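Visitor: Got a structure for you, questions after.
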Amino acid sequence: MTTYNIPASPVNDVQQKSLGELFGDLTRDTANLVRQEVSLAQAEMTQKATRIGKDVGMLAAGGAVAYAGLIVLLIGVALALVALGMAAWLAYILVGAVVAAIGGYFAMQGLAKLREADPVPHQTVETLKADARWVKEQVKP
C-alpha cells in the first residue's frame, strides 16, 4: 500500500498552533504590514514631492523670465517712449509697471499650483485605518 504525504490544510495548521505561536504570527504579519504601509507612504510622498518640485520650478522660471523681461523692456521700450517725446522718468515708470505686472502674473500662477498641492498621503492614511480595523478584529476573543 502506498502512503501519500498530504500537506496539512491551513485550518489544521491553525488548530495545531499554540496561542503563543498564533500571536507570534500576528505580530510578524502586523510588522510586515506596517513595513509595506511605510513603503507606500514613501512612494506617495515622493510622487507628491516631485509634483511640488515641478511647480516650484515653474515659479522660478516665471521669476527669471519676468526679470529678464524687466531689464530688456525697461531699457528698450522706455528709450522708445523717450524718443516719441515722453519724459524719461515717466517712460521708465510706465514700462517698469507693465513688466512687473507680467512677472506678478507668472508668480501668481506658480503660487496657485503650490496651493493646490496636497502633501497628505491620503491613500496610505486610508489603508492604515483599514489595517488598524483588521488588527483589532484579529485580536478580538
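The values are calculated or read from the model by the stated rules, or taken from the named source; none is laboratory data. All figures in this text were calculated on a predicted structure; none of them were measured in a lab. As a convention, Cβ positions derive from the backbone with ideal geometry for all residues, glycine included, and neighbour counts pool all protein chains shown.
Visitor: Return the total of residues in the range 110-130 being under 30 Å from residue 29 (Cα atoms), surrounded by 12 or more Cβ atoms within 10 Å (Cβ to Cβ) and among the hydrophobic types (A, V, I, L, M, F, W, C).
Guide: Matching residues across the range 110-130 total 2.
Visitor: Residue by residue through the range 74-109, note down the ones that are surrounded by 11 or more Cβ atoms within 10 Å (Cβ to Cβ), modelled with pLDDT of 90 or more, under 30 Å from residue 52 (Cβ atoms) and of a type outside the set (S, T, N, Q).
Guide: Scanning the range 74-109 gives 104, 105, 106, 107, 108.
Visitor: Can you name the condition, by its number, that residue 55 falls short on among (1) exposed (fewer than 15 other Cβ atoms within 10 Å of the Cβ); (2) modelled with pLDDT of 85 or more?
Guide: Condition (1) is where residue 55 drops out.
Visitor: Now, a different point. Which residue, of 73, 79, is in contact (Cβ under 8 Å) with a residue 24 or more places away in the chain, farther than 30 Å from residue 22 by Cα and in contact with a helix residue (DSSP H, G or I) (Cβ under 9 Å, 6 or more places away or on another chain)?
Guide: 73
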